[in-house]
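Okay, structure first, notes after.
The values are calculated or read from the model by the stated rules, or taken from the named source; none is laboratory data. Treat the numbers as computed from the prediction; the structure is a model and nothing was measured. Note: ideal-geometry Cβ built from the backbone for every residue, glycine included; neighbour counts use all protein chains shown.
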Amino acid sequence: MKKLVKFSMMICLAASLCACEDEKKTEETPYFGVEAKYLTQTFEREADIKYVTVKTNQAFTATSSGTWCTPEVLGDKTADNLKISVTALDDVSPRTATITVSCQGFESAVITVTQNGIAATFSVTPREPANIEGSGGDLTFTVTANSAWSYSISENGSWLAEKEKTAVSLVLTARENVGNSTRSAALQFFLTDHPSQSQEITVSQSAFQPQLTVTPPAVQNIVKSGGDATFTIEANTAWSYSISGNGSWLAEKEKTAASFTLTAANNDLWGGRSAVITISLTDYPEYTHSYAVKQSGAADMLDVLFNTDGTADDVSPMANTVEWKNYNNPLSVAYDDTYKRNIVTFNPSSNGQSPGADNASYYSINYQNNAEFQSKLADGHTFECLVKFDVNYAETAQGYETKFFSSHEGGGTGFIISNTGGADPNGIAFLPNIPATEGGNSRWIWANSARKPDGQSYYHLVGVWNQTEKKAYLYINGTLAKEIAADGFYRPAQLNPRWVAIGGDAGSNQIQNTFQGKIVIARIYDSPLTASDAQTLYNEINPNPAP
């Protein structure tokens with residue numbers, strides 16, 4: 001009985017003690033807090049977990065401002081009772097979120113969570129780009145970066161401009177460097193959010209050296225029936241062309257960045273015609289090439305056009321070589337607005353002399369080995385010339401011979417002014433050599449006029465030998481000045497002087513009977529032209545035609 005009572009008392013005591021303990025627990029003061037060392041949490045870029053101790057005797061909650069950062073309350077623990085999980089970060093820039101820990105009746109605690117990004121990678125190539133040509137051009141950079149990037153150009157780089165920018169490249173274009181020295185500018189590439197990640201590159205541009213090459217480099221000849229002349233241009237900057245002289249007969253057919261083509265219609269004129277084509281760099285007019293474009297006319301044996309550099313060309317279908325014999329007292333060539341063509345001026349030491357090659361400049365057309373040329377002369381021919389004499393024969397008689405377009409010497413043909421021969425000394429004459437019979441003695445046929453040059457006027461001369469009619473004719477300014485019988489056969493010049501001289505007479509390998517004055521036209525026709533033809537020729541060249 002005593003034992004039972006004793007056990008009962010113990011139970012009562014225990015019950016009493018338990019009741020006191022529950023009462024004591026119920027009466028404990030609530031608390032809530034997060035130590036300062038837990039309020040900042042830093043993670044690296046990989047997915048990870050960290051634990052935080054929230055000291056409290058109350059229930060609490062936790063919420064995150066970022067989906068990549070997840071809090072979880074572990075309610076059965078008094079330490080490390082808040083679990084923070086982060087996902088992996090594949091960006092260079094770090095990210096931040098806040099976790100708000102809340103307990104009823106208490107001010108919330110805020111935990112700042114920061115996660116570092118991946119290491120920045122950044123490179124630009126080429127690091128040392130080649131010089132840009134002075135004419136300008138593009139420069140391409142390749143950019144390798146795992147974050148947004150940008151660039152800047154130094155103040156002295158206004159000659160550079162952005163042409164294209166993508167996520168992985170940059171193309172800059174440079175204007176033409178018109179200065180006379182190399183220029184440079186600095187480029188700064190950098191990560192937008194990490195400006196310390198940068199790379200500086202120097203870009204240079206050479207001084208511009210203009211270049212202009214034109215093909216073909218020589219005269220362009222177009223046949224009488226018309227055709228094209230094409231010029232191919234190699235230039236490192238903009239170019240243009242112009243047509244000067246009497247070039248209205250040329251029209252542009254096509255023009256591209258590297259060539260242009262001019263076209264000419266049929267030439268209805270008796271004589272050939274020419275124009276000067278000038279190609280130049282638009283911004284560098286001192287870089288210029290000039291070319292003559294020439295078209296044949298009706299003159300089928302010889303049609304000489306003079307160039308301002310002193311050279312001359314035959315634009316007839318025979319395309320004879322016109323050799324410029326440039327010795328002392330040189331000739332000169334200049335464009336004339338009156339006749340719309342180049343005119344050659346001969347300036348030998350004296351008029352009508354035979355000083356040889358040392359003191360006269362002239363032109364030579366050799367036909368010694370040209371059987372076709374000789375044959376065409378032999379069956380009848382016409383010489384045409386537009387000439388001005390510097391000597392006044394009208395006022396003062398001259399006691400010498402002068403020739404300006406001829407091939408005399410033991411035969412031959414051409415023009416002459418002589419103090420002897422014919423009825424009118426010092427008059428303009430056409431002088432072919434005609435044997436009386438084949439193989440017989442030769443004789444000069446003086447188609448001599450009474451027209452004595454006045455030293456100021458231009459004279460249009462047409463000299464004709466008509467084998468069929470057996471006559472020689474001289475027309476001056478479209479009017480018949482002399483008609484004379486010329487029966488027999490044409491006798492060519494001796495072998496060595498078989499060349500046509502312009503500026504004198506063909507001697508044995510040298511000039512003779514020199515001429516002081518100007519020549520505009522020097523043509524030879526295979527056919528003996530008519531009076532109507534002579535008038536047409538004069539009308540064509542006459543700057544002041546009758547109304």
Residue list for region 365-394, restricted to those being of a type in the set (D, E, K, R), surrounded by fewer than 23 Cβ atoms within 10 Å (Cβ to Cβ) and within 19 Å of Asn477 (Cα to Cα):
Lys388, Asp390
Can you pull out every residue in region 153-168 that is part of a strand (DSSP E or B), surrounded by 13 or more Cβ atoms within 10 Å (Cβ to Cβ) and not charged (D, E, K, R)?
Ile153, Leu160
By residue number, the members of region 85-107 that are of a type outside the set (Val, Ile, Thr), surrounded by 15 or more Cβ atoms within 10 Å (Cβ to Cβ) and over 22 Å from Ile49 (Cβ atoms) are Ser93, Cys103, Phe106
Has region 226-234 got at least one residue that is crowded, with 18+ Cβ neighbours inside 10 Å and either closer than 28 Å to Trp324 by Cα or more than 16 Å from the chain's Cα centre (by Cα) (or both)?
yes
Within region 490-505, does at least one residue satisfy the condition of being assigned by TED's automatic domain parsing to the domain that holds Asn329, under 45 Å from the mean Cα position of the chain (by Cα), farther than 26 Å from Gly310 by Cα and not β-branched (Val, Ile, Thr)?
no
Just give me the residues in region 184-195 being of a type outside the set (Ser, Thr, Tyr) and either on the phi > 0 side of the Ramachandran plot or surrounded by fewer than 18 Cβ atoms within 10 Å (Cβ to Cβ) (or both), in sequence order.
Ala186, Gln188, Asp193, His194, Pro195
If you take the residues in region 245-257 that are free of Cβ contacts under 8 Å to residues at least 60 places away in the same chain and surrounded by 11 or more Cβ atoms within 10 Å (Cβ to Cβ), which one is nearest to the chain's Cα centre (by Cα)?
Lys255
Do we find a residue being crowded, with 16+ Cβ neighbours inside 10 Å, among the hydrophobic types (A, V, I, L, M, F, W, C), touching a Pro at 6+ places or on another chain (Cβ under 9 Å) and under 24 Å from Ser135 (Cα atoms) anywhere in region 169-180?
no
Residues within region 128-152 that are buried (at least 17 other Cβ atoms within 10 Å of the Cβ) and of a type in the set (A, V, I, L, M), tallied
4
